[in-house]
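Right, one structure below, let's go through it.
Please treat every number below as a calculation from the coordinates, not as lab data. Here the structure is a predicted model, which means the values were calculated and not measured. In this analysis, Cβ positions are derived from the backbone assuming ideal geometry, glycine residues included, and neighbour counts consider all displayed protein chains.
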């Protein structure tokens with residue numbers, strides 16, 4: 001008889017493991033410092049809900065093994081990624097007593113370039129360029145999903161699950177950065193947040209897309225800049241947009257996917273947009289690129305560690321029940 005742990009983990013994919021471990025550790029961190037994290041009960045409760053929901057999906061998939069259950073299970077991390085991102089907001093700022101790393105990040109940028117490099121983008125600002133940059137920036141999540149979608153459509157189960165694990169690996173690594181180095185970005189510190197429409201006007205889509213991105217980052221509209229900054233997610237260092245976009249581009253070329261011809265140019269504009277639109281400092285993007293390279297390099301070892309030590313559900317066969325019956 002296999003150990004109980006092996007029987008339990010057998011229903012989970014590698015990406016599930018990362019999805020379970022991270023919120024569990026986040027809940028433990030919040031509970032360990034209740035005086036610093038006022039929202040710790042919410043962190044613990046939401047983490048428990050994420051783990052319970054994912055476990056229920058995995059159990060249902062193992063039991064029923066239908067096309068619908070496999071689809072829901074395979075794409076589960078795509079839905080939980082934002083839920084975990086929201087949880088990080090309750091911890092990243094408070095755990096440091098409200099300290100922000102923006103001054104240090106600004107100093108690094110100035111040391112590298114002799115001035116604030118973000119200022120240089122103002123000289124090339126044009127409404128059409130702002131429009132293109134905002135559209136590309138907003139397409140961050142669909143770009144990552146598009147790579148997985150083509151792998152899924154190819155019916156290459158193992159390739160799809162490897163990519164899903166890569167997404168979890170990269171996303172969650174960026175979340176660790178947010179907790180260690182909380183910052184709000186140049187749009188709040190170097191510029192007047194309420195004057196962004198004046199400084200960087202777009203065409204038709206810029207304003208609604210900008211508001212959409214702000215809402216996703218928990219930044220309300222129509223409030224003073226100081227209030228917006230106090231409520232904004234501490235999600236600047238490293239640039240998660242850069243990390244995941246470069247990983248998606250690399251994966252699309254590695255697998256020779258048709259979507260690479262879309263992901264690559266849009267991804268290039270997206271990385272440019274992180275700085276041009278004042279969401280990130282240059283050092284955030286540099287760190288994001290370096291960490292993306294590190295994640296890609298260490299991904300095979302991380303995959304082997306999770307698959308061999310637990311072990312997880314076979315990724316090359318769609319039906320766990322059929323495998324068990326052989």
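How far, in degrees from 0 to 90, does helix 282-309 lean away from the longest principal axis of the Cα atoms of the chain, to the nearest 10?
The angle comes out at about 10 degrees.
For the pair residue 63/residue 45, report the inter-label distance in nm, with labels modelled 7 Å from Cα in the Cβ direction.
Result for the modelled spin labels: 2.7 nm.
Normalising by the residue count of region 4-321, find the relative contact order in percent from Cα pairs under 8 Å and 6+ residues apart. List each step's numbers first, then the result.
Values: 418 pairs, mean separation 88.7, N = 318.
Once divided by the residue count of region 4-321, the mean separation gives 28 percent.
Fully extended, how many nm does the chain gain between residue 32 and residue 103 (0.36 nm per residue separation, minus their Cα-Cα distance)? Intermediate values should be presented prior to the final figure.
Details: separation 71, 0.36 × 71 = 25.56 nm, distance 2.80 nm.
Extra length from residue 32 to residue 103 when fully extended: 22.8 nm.
I need the shape label for region 113-152. Rule: rounded when a/c is under 1.5, else prolate if a/b > b/c, else oblate, with a, b, c from the alpha carbon gyration tensor.
On the way: a/c = 5.60, a/b = 2.23, b/c = 2.51.
It is oblate, given that a/c is not under 1.5 and a/b is not larger than b/c.
Angle check, please: helix 127-138 long axis (alpha carbons) against the longest principal axis of the chain (alpha carbons), in degrees 0 to 90, nearest 10.
The angle comes out at about 30 degrees.
Is the shape of region 263-302 rounded, prolate or oblate, going by the alpha carbon gyration tensor and its root eigenvalues a ≥ b ≥ c, with a/c under 1.5 for rounded and a/b larger than b/c for prolate?
Values: a/c = 4.17, a/b = 1.72, b/c = 2.42.
Note, shape of region 263-302 comes out oblate.
Within region 249-275, find all residues whose amide N lies under 19 Å from a label point positioned 7 Å from the Cα of residue 297 along Cα-to-beta-carbon.
249-251, 254
Could I have the simple spin-label model distance between residue 305 and residue 123, label points 7 Å from Cα toward Cβ, reported in nm to one decimal?
Here the modelled spin labels are 4.5 nm apart.
At a 10 Å Cβ-Cβ cut-off, how would you order 39, 244, 112, fewest neighbours first?
The most exposed by this proxy come first: 112, 39, 244.
Which of 274, 312 comes first, and how do the rest follow, when ranked by fewest Cβ neighbours within 10 Å? It would help to have the intermediate numbers written out before the result.
Working: 274 26, 312 22.
Result, fewest neighbours first: 312, 274.
Please give the length that would be gained between residue 215 and residue 52 if that part of the chain were fully extended, namely 0.36 nm times their separation in residues minus their C-alpha to C-alpha distance (nm, one decimal). Don't jump to the answer; show the numbers that get you there.
On the way: separation 163, 0.36 × 163 = 58.68 nm, distance 2.68 nm.
So the extension gain works out to 56.0 nm.
Relative contact order of region 41-146: what whole-number percent is it, with Cα pairs under 8 angstrom and at least 6 residues apart?
Numbers: 26 pairs, mean separation 20.5, N = 106.
19 percent.
Sorted from fewest to most neighbouring beta carbons within 10 Å, what does the list 174, 46 look like?
Placing the least packed residue first, the sequence is 46, 174.
Find how much the distance from residue 141 to residue 256 grows on full extension, using 0.36 nm per residue of separation minus their present alpha carbon separation; answer in nm with one decimal. If you can, show how the numbers build up before the last one.
Numbers: separation 115, 0.36 × 115 = 41.40 nm, distance 2.02 nm.
My answer for the length gained is 39.4 nm.
Using only the alpha-carbon atoms, how far is helix 260-276 inclined from the longest principal axis of the chain? Give it as 0 to 90 degrees, nearest 10.
Computed tilt is about 40 degrees.
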